[in-house]
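> This is the structure I want to talk about, given as structure tokens.
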Amino acid sequence: REAKKFFRPQLTDLIDPFEMKDMGKAVDRLNEAIGMKEKILVYGDYDVDGCTAVTLVYKFLHEFYSNVSYYIPDRYDDGYGISFKAIDRAISLGVKVIVILDCGIKANEEIEYANKHGIDFIVCDHHVPDDELPPAYAILDPKRKDETYPYKDLCGCGIGFKLMQAFAQNNGIEFGRLMPLLELCAVSIAADMVPILGENRILAYHGLRQLNANPSVGLQAIIQTCGLSGKEIGINDVMFRIGPRINASGRIQNGGETIELLIERNLDEALTKANKINNYNEARKDIDKQMTEEANAIVDKITNLDNRRSIVVYSKEWHKGVIGIVASRLTELYYRPTIVLALDDEGFLTGSARSVAGFDIYSGIESCKDLLCNFGGHTYAVGLTLKEENIKEFIRRFEEYVESHIEEEQTEATLTIDAELNFSEVTNDLQNDLKKLRPFGPENPEPLFCTKNVFDYGTSKVVGRGQEHIKLELVDNKSNNILNGIAFGQSSHARFIKTKRAFNICYTIAENTYKHGEIQLQIEDIQPANPE
């Protein structure tokens with residue numbers, strides 16, 4: 001039965017949303033607001049999960065009720081989550097209910113302030129709460145200590161979907177009306193790197209089907225802009241092409257522009273907006289490259305770097321919107337829990353933390369919470385703010401925590417190989433069987449294979465704008481099959497490959513995006529073969 005559920009995810013297996021604590025209260029408050037013609041504000045974080053969540057809830061409510069608006073905070077003007085400034089704006093507009101998505105679980109003071117001004121909050125968050133929950137009207141968060149909901153790993157958009165599923169159920173709206181919104185769940189699940197098992201697997205599976213068969217106008221425009229038209233879109237396409245574009249607007253300008261695109265109904269208008277967001281993404285890439293280089297230069301100057309288990313770097317020159325990406329890059333490069341912070345004119349450091357597999361960076365940061373103004377997140381990614389005067393002590397204590405809690409095997413990148421194959425076994429049948437395991441993602445990784453003693457067929461070459469990738473044609477010593485491969489960011493191996501000596505590869509099996517039906521190996525690592 002479990003295998004059948006895995007291979008054939010069914011929407012009928014979605015959990016009853018009313019099993020989530022406070023769901024009944026949340027739906028009753030929405031119904032009351034609609035009955036009383038009160039103004040509802042849908043508010044969310046400026047990242048992919050927040051923007052898709054706001055789009056989903058706003059789009060669905062707006063089908064049945066017109067007095068609803070949305071707001072995405074400005075990263076620079078409002079900061080993360082709900083701010084007093086945003087509440088004052090809501091008060092002046094006569095808002096009575098705020099549905100807050102992908103943030104809010106720690107906004108105790110702000111929500112108390114809103115309550116005093118007659119605003120009720122429905123919090124839809126998936127981050128770890130503090131011991132004391134905020135005084136919201138309803139709190140939907142599977143990570144509540146008192147929560148009995150059987151699935152804990154929904155993202156913010158997933159919780160927004162559950163709220164709308166409950167609203168539809170309660171008001172006799174057929175489930176089919178929710179179907180177009182599943183594409184937003186798939187995008188957020190992929191971008192937020194939540195486990196693709198259980199309820200997330202159902203939402204991601206059907207969301208990808210929706211995205212491929214009948215995407216909304218806004219997503220259609222993004223698909224066209226990033227060159228995915230006519231191709232089967234998978235989780236990786238969302239992670240590396242669609243997601244970064246949705247994120248770019250909140251990083252460089254304001255996430256509200258993303259919502260405008262995602263709710264747009266005219267394709268020409270949507271394409272204009274998608275091109276604008278694409279330009280933000282290009283600008284983001286340039287800033288990110290420069291900041292990563294600057295961060296690397298700072299890391300190089302850290303004394304005793306080889307003996308350190310963590311990395312914390314900061315600068316006044318850095319762009320707040322790109323800090324999370326730079327933290328991810330440094331984590332990949334040095335394979336240590338990493339925190340990257342930007343210093344503002346008021347003497348506050350704000351930034352992002354990223355972790356390595358198996359290490360709970362949230363607990364590490366929580367152990368220093370007396371030094372922080374605020375923090376929030378989950379096991380592998382955390383946002384935090386502290387005063388500049390506390391940074392030296394924070395670095396010392398965080399390093400102390402990491403050193404005493406990290407396991408030796410978590411300090412270097414390892415690849416777990418599922419099977420060793422020779423090239424005669426890499427067939428279309430195998431590829432078709434692997435497709436049945438999709439969608440891949442956290443806790444359902446794509447199978448990784450290894451083939452030993454392979455050789456360059458003579459046509460391999462370095463490619464890419466910065467000549468950083470290798471396009472390969474390979475043969476092994478056990479079959480006559482020639483297979484194509486692509487090794488991203490591994491051009492340092494090109495010289496060895498050209499010597500015609502044997503090497504070992506580990507890879508996943510993909511389809512060549514330019515030649516439909518042709519197998520392409522996505523090569524994760526290359527090592528010289530040991531002499532026989």
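The values are calculated or read from the model by the stated rules, or taken from the named source; none is laboratory data. Everything numeric in this text was worked out from a predicted model, so none of it was measured. In this analysis, Cβ positions are derived from the backbone assuming ideal geometry, glycine residues included, and neighbour counts consider all displayed protein chains. These area figures cover heavy atoms from the full protein model, side chains too; ligands, DNA and RNA do not enter into them. Shrake-Rupley method; radii C 1.70, N 1.55, O 1.52, S 1.80 Å.
> Which entry in (i) 1.01; (ii) 1.08; (iii) 1.21 is this structure's computed Cα Rg over 2.2 N^0.38 Å?
The listed entry that was calculated here is (i).
> Also, quick follow-up: Of the listed pairs Lys39/Lys59; Lys452/Lys478; Lys5/Lys436; Lys59/Lys436, which have alpha-carbon separations greater than 20 Å here?
Result: Lys59/Lys436 exceed 20 Å.
> Moving on. In the full protein assembly as shown, how much of Asp360 is accessible to a 1.4 Å probe, in Å² to the nearest 10?
60
> Could you tally the net charge around Ala86, taking each other residue with its Cβ under 11 Å from the Cβ of Ala86, Lys/Arg +1 and Asp/Glu -1?
Neighbourhood net charge equals -3.
> What number, rounded to the nearest 500 deg cm²/dmol, is the helix-based mean residue ellipticity at 222 nm of the chain, given -39500 (n - 2.57) per DSSP H run of at least four residues and division by all its residues?
For the chain, the value works out to -11500 deg cm²/dmol.
> Here's a follow-up. Nearest 10 degrees is fine. How inclined is helix 48-64 to the longest principal axis of the chain, computing both from alpha carbons?
50
> Which aspartates and glutamates have a Cα less than 15 Å from the Cα of Lys116, not counting those fewer than 8 places away in the same chain?
Asp88
> Note down the nm distance, to one decimal, between modelled labels 7 Å out along Cα→Cβ at Ala213 and at Ala3.
2.7
> Right, next: If the reach is capped at under 16 angstrom between alpha carbons, list the aspartates and glutamates near Lys316, excluding any in the same chain fewer than eight residues apart.
Within reach: Asp288, Glu293, Glu294, Asp344, Asp345, Glu346, Glu388, Glu389.
> While we're on this one: For a protection proxy built on the mean count of beta-carbon atoms within 10 angstrom, sort 387-396, 205-214 highest first, please.
205-214, 387-396
> Just for the chain, what percent of DSSP beta bridges are antiparallel, to the closest 5?
Of those bridges, close to 60 percent are antiparallel.
> Taking the 0 to 90 degree range and rounding to the nearest ten, how far is the long axis of helix 243-252 tilted relative to the main principal axis of the chain, both from C-alpha atoms?
Around 60 degrees separate the two axes.
> Give me the accessible area of Ile526, 1.4 Å probe, in Å² rounded to the nearest 10.
Taking all protein chains as shown, Ile526 has close to 10 Å².
> While we're on this one: For the range 272-333, give the percent of accessible area contributed by carbon and sulfur heavy atoms, probe 1.4 Å, rounded to a whole number.
Of the solvent-accessible surface of the range 272-333, carbon and sulfur hold 45 percent.
> Modelling each spin label as a point 7 Å along the Cα-to-Cβ direction, I'd like the Thr303/Leu197 distance in nm, to one decimal.
The modelled label-to-label distance comes out at 4.5 nm.
> Holding the Cα-Cα limit at 26 Å, pick out from Lys152/Lys369; Lys37/Lys152; Lys162/Lys435 the pairs that are longer than that.
Lys37/Lys152; Lys162/Lys435
> Okay, next question. Could you state the angle between the C-alpha long axis of helix 391-405 and the longest principal axis of the C-alpha atoms of the chain, as a value from 0 to 90 degrees rounded to the nearest 10?
For helix 391-405, the angle is close to 60 degrees.
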